[in-house]
Amino acid sequence: MVVVPCKAQSVYAPLDPDYYYGLQRLEIQQGYFSSFLHSHALPWERKKIVSFLESLPPTHDSIEAFTRKMYLLDNREWLSKPLSPSLKPWKKQFYLYPNDAYAVQNEAVDLHINPVINWQIGSITGGAQRYVSLNGRGIEIRGTLYPSIGFYSYMTENIARIPDYVKDYADAFNRNALRKQAMPGMPSEGHTKWFKKDPLSLDFFSARGYLTFKASKYVSVQFGHDKNIIGQGFRSMILSDNAAPYLFLKINTHINRVQYQQILAQLVNPDTLAIDQVFPKKYLALHHLSLHLTPRWQLGFTESIVFKRDSLEKGFDLNYLNPVILYRFVESFQGSGDNALLALDFSHLINKRAMLYGQLILDEFIIKELLSNSTFWANKYGLQLGFKYLNLANVAHLDWQTEGNLARPYLYSHQASGQHYSHYNQALAHPLGANFVEWVHILRYQPSPRLQLATHYITALYGADKQLS
């Protein structure tokens, strides 16, 4: 087999929180933000992940060395020095490399195929059942076509046993008894059905897929169904992976210390339509500008619009295709009928062991009422402040993360029905929606190269409004 370094357009590493935490940890240890990455805009291109890893100095930490090797193997098509195939492949065709069940690399194509097996089991206290589980089986395919096309596909068939409180939450937003509701959780899905007529067991198909191509040296384009995240935290108050996958077009411009993303997405707005009719659509337009102000300070600005058109003018509003205009101007110019949000995010590397990060999101607010500590309904804003600390108490690979999140009542909502900041009745940002205060603590420990332990303690105070709009 001839191994040829692939120089085509890179696809993205899937949005796995543990995967990206390991990379962010390496960046914190570096002590400055990498020019290859803008770490509060996820996912990352596999090519840039390799460029970042190859820029790191050698390490004498055996656990860190193993972690780096795993990342490099997972993205080996972009290594500056190609790896040699395994000396003991299975049947001379499979697992030529540890991270690929089947792979082909030549001058025309780079192809990686892997089975997907996801088995989870847990227990809960109270409720109608004691055990919860998830059983997923499927396939993942990714690759590139010379010279500039990348592709990714992920498909699984899943059976889940869910807590009754998750079903109650989904039922509260299900307006049509003839159609099965979207299901929140990890993973969030847009459509499910009962498994063996058990209302607490679900059968659902999960799929994600997209194409990427290089428009120029600095501009890349992604189109398909997947998710995006803005932020360094466990949660995001701006855009998270909480909702089901959605159709989007993303244009990413990256020039060293500056990255500018435009995301144009089609969202689903479930309604009371009959079972043979298509759900109505709404749309998201989002700009995110990321700046490396200094080697240790990273700043981001976001503006977004959620809109739909109920008149004779249907579909995506072409005014929001403009990538360099302020959306707030377009929204007000057309009559101020859409849901506009502005946001700021930052991260600061204090030293090689600690990072401070946060977010501020503004929906509507009146300065006079805000400064007077008023409970005025239109003071709609959200806040996040978080802290990551590595090697807690000088214990190697024992990390602590703490994070506070706050959202005022009615944040993300809109007076026009269907223009809320949501997709398939699932929040596009924080899973609690609005009107809450949350505190998160996470401890992670990696005692050996192949073992990672993590515990989460989350407490929240939130207001529940039973009147759904």
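Details
- Summary of packing: across the peptides 338-348, 389-399, the per-residue average of other C-beta atoms within 10 Å ranks them, highest first, as 338-348, 389-399.
- Distant-in-sequence amide H partners of ALA429 (H built 1.01 Å from N, under 5 Å): SER240
- Net +/- balance of residues flanking LEU349 in space, Cβ distance below 14 Å, scoring K and R +1, D and E -1: +4
- Exceedance of the 28 Å cut-off in Cα-Cα distance is limited, within the set LYS193/LYS388; LYS250/LYS352; LYS197/LYS308; LYS47/LYS227, to LYS193/LYS388; LYS250/LYS352; LYS197/LYS308.
- Computed packing ranks the peptides 212-222, 402-412 as 402-412, 212-222, most packed first, by mean other Cβ atoms within 10 Å.
- Pairwise label distance in nanometres, LYS69 with LEU247, each label 7 Å out on the Cα-Cβ vector: 4.5
- Probe 1.4 Å, protein heavy atoms only - accessible area per residue of region 99-149 in square angstrom: 58
- For region 381-441, the square roots a ≥ b ≥ c of the C-alpha gyration tensor eigenvalues yield an a/c of 1.5 or more together with a/b exceeding b/c, which makes the shape prolate.
- Carbon/sulfur fraction of accessible area - region 97-151, other protein chains in place, 1.4 Å, %: 61
- In the assembled protein chains, ILE121 presents an accessible area of approximately 140 Å² (probe radius 1.4 Å).
- Rounded to whole numbers, the Karplus 3J(HN,Hα) couplings from phi for region 38-49 are 10, 6, 9, 10, 10, x, 10, 5, 4, 4, 6, 4 Hz, using 6.51 cos²θ - 1.76 cosθ + 1.60 with θ = phi - 60°, and x at Gly and Pro.
- Ranked by how many other beta carbons lie within 10 Å on average, peptides 51-58, 9-16 from highest: 9-16, 51-58
- Net charge, PRO14 excluded, C-beta distance under 14 Å - Lys, Arg +1, Asp, Glu -1: -3
- Mean Cα-pair separation over length for region 193-250, i.e. relative contact order, pairs under 8 Å, 6 or more apart, %: 26
- Sites GLN266 and HIS191, calculated FRET efficiency, Cβ-Cβ separation with R0 22 Å, nearest 0.05: 0.90
- Charge tally in the Cβ shell below 13 Å around ARG137, where Lys, Arg are +1 and Asp, Glu are -1, ARG137 excluded: -3
The values are calculated or read from the model by the stated rules, or taken from the named source; none is laboratory data. As the structure is a prediction and not an experimental result, all values here were calculated from the model. Note: ideal-geometry Cβ built from the backbone for every residue, glycine included; neighbour counts use all protein chains shown. For the accessible areas, the whole protein counts, side chains as well, though only heavy atoms, and no ligand, DNA or RNA atoms are used. Shrake-Rupley method; radii C 1.70, N 1.55, O 1.52, S 1.80 Å.
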